[in-house]
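Read through the structure below, which is laid out as structure tokens, and then see the notes.
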Amino acid sequence: MAKSRVRLKGRFFMMIFILVGFIALVVVIANALKKTGEIEFGSLGADMEVNAAIIREEKVIMSEPFEKITFDVVEGETVNNDQVIAQLYKRGYQDETMVSLLNLQKQIYDYQTQLLGGQAPQELLDLNSSIKTVELQIRAVSRGQSTLDMLDLEQTLKDLEAQRVALMQSIVTPDTTLTQLYNDLKSQQNVMSGWKRDIKNTSGTGVVSFYFDGYEQVLSVNKLSTINSALVKTVISGGNTANNAASTSEVPLYRIINNTHWFIAFVTSSSDPMRLAEGEQYSVLFQNYSDQQFIATARASTVSENSVVNILEFNTDIGKLIGTRTVAATISKSAQGLVVPLNAIEIVSGMPGINITYGDSVFRVEVDILAQSDRKAVIRAHNASDNLTAGMKYLKP
């Protein structure tokens, strides 16, 4: 029995072709719709957890190498211009010179007391009592029995002894022996002045510090434009101190810090669209230091091949961070404005941007990310000459 054959006519093939074409068109349109969208208006808020380097506005005062130094002010004290900070003793100075001077001063005081004939005024008795109290406090600190500041106590003792010297000179009439002792003291003081010089502050009002971590010269407000990602990463990974070779010609004496003007710097990846937007304000919380929310303003970021150096500027009291170089921080930002999906932002040469469609044309607009969530970002045009508005169509990369 012969098999029947089914003959397919041209009309059937035409229908199949039309159906395949329709499906292909649907797929093309669906893919196109997935890759396009409209800029919306909305608001977002998010936090960034970063490790940052602190940059203080400060001046480091240097000096030639010295044998010894004694301080007239304490760490963290606010000092003024022309205020004496310390006494510096030159190389070669021997403590025996100071011992001789102190012994002569004691001899003068004992002889002045003898001339008073046991008629010490109440003012002298009060001064002696205060001196005795401070001496006992100094001994307690040296034995580990007190947490008082040793420099503060030493300065107090020095001030009290100076008051006693002035008082004794005013109430005791010198005889020939005391006059000779005064002349001997002046000679000893002249010898001492050849070895010692006063260090006066010439850097204006600020907070004084005698501690150094080795980064003072490279992490400077005068060098913000030269601070790169490698330096910031090195500082953060190295902790709060650096081991630098000491200069044979100069050594650091102290720093004068403007405690109300400072910066932090941190690094983000250039492939991450999120980085600080110049001129925008951010809320900053420093972990493990304070519950205080600091407000800071973003400076221009420095973009390299793989990294972005972000810098925040603070104009408020630095507080407990004054002696710290590295810190963990939470940076918060809430913003309202133009909203696009994160996957609509394309990074080109380290700069984020979006592709705007206008008719058959596509043009790229570089953007700043003001805030972002897991999926969306609030943006603005990076260049003032570029115009972005809600309703514009973008093309996803």
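When region 113-139 is examined, which residues are found to be surrounded by 12 or more Cβ atoms within 10 Å (Cβ to Cβ), under 19 Å from Lys158 (Cβ atoms) and either polar (S, T, N, Q) or touching a strand residue (DSSP E or B) at 6+ places or on another chain (Cβ under 8 Å) (or both)? Asn128, Ser130, Thr133, Gln137, listed by residue number. For the residues Ala86, Ala140, Ala120, the requirement of being closer than 30 Å to Gly206 by Cβ and among the small types (Gly, Ala, Ser) singles out Ala86. When residues in region 181-232 are screened for being part of a loop (DSSP other than H, G, I, E, B), open to solvent by less than 70 Å² (accessible area, probe 1.4 Å) and more than 21 Å from Val327 (Cα to Cα), 3 of them pass.
Among residues of region 352-379 being among the charged types (D, E, K, R) and within 23 Å of Leu276 (Cα to Cα), the one that is surrounded by the most Cβ atoms within 10 Å (Cβ to Cβ) is Asp368. Ile54 - would you say it is β-branched (Val, Ile, Thr), within 23 Å of Ile322 (Cβ to Cβ), at pLDDT 90 or above and within 18 Å of the chain's Cα centre (by Cα)? Yes. Can we say Leu102 is open to solvent by 80 Å² or more (accessible area, probe 1.4 Å) and of a type in the set (A, V, I, L, M, F, W, C)? It is true that Leu102 is open to solvent by 80 Å² or more (accessible area, probe 1.4 Å) and of a type in the set (A, V, I, L, M, F, W, C).
Checked against the criterion of being closer than 19 Å to Phe41 by Cβ, free of Cβ contacts under 8 Å to residues at least 40 places away in the same chain and of a type outside the set (Val, Ile, Thr), region 359-377 contains one or more residues that satisfy it. Within region 121-139, being more than 17 Å from Leu167 (Cβ to Cβ) and among the basic types (Lys, Arg) holds for one residue alone: Arg139. Note on region 380-395: residues that are in contact (Cβ under 8 Å) with a residue 60 or more places away in the chain and either open to solvent by less than 50 Å² (accessible area, probe 1.4 Å) or within 32 Å of the chain's Cα centre (by Cα) (or both) amount to 5. Part of a helix (DSSP H, G or I), surrounded by fewer than 11 Cβ atoms within 10 Å (Cβ to Cβ) and either acidic (Asp, Glu) or in contact (Cβ under 8 Å) with a residue 60 or more places away in the chain (or both): is that true of Glu96 in this structure? So Glu96 fits the description; yes. Examine region 342-351 for a residue that is at pLDDT below 90, under 19 Å from Tyr282 (Cβ atoms) and surrounded by fewer than 20 Cβ atoms within 10 Å (Cβ to Cβ), and state whether such a residue exists. No, that holds for no residue. Among the residues that make up region 142-159, is at least one of them farther than 24 Å from Ser209 by Cα, open to solvent by 60 Å² or more (accessible area, probe 1.4 Å) and assigned to a helix (DSSP H, G or I)? No: zero hits. The set of residues in region 62-78 that are surrounded by 16 or more Cβ atoms within 10 Å (Cβ to Cβ) and over 30 Å from Ala329 (Cα atoms) comprises Phe66, Ile69, Phe71, Asp72, Val73.
The values are calculated or read from the model by the stated rules, or taken from the named source; none is laboratory data. Since we're looking at a predicted model, the values are computed, not measured. Please note: Cβ atoms are built from the backbone with ideal geometry, for glycine as well, and neighbour counts cover all protein chains shown. Accessible surface areas use protein heavy atoms only, side chains included; no ligands, DNA or RNA. Shrake-Rupley method; radii C 1.70, N 1.55, O 1.52, S 1.80 Å.
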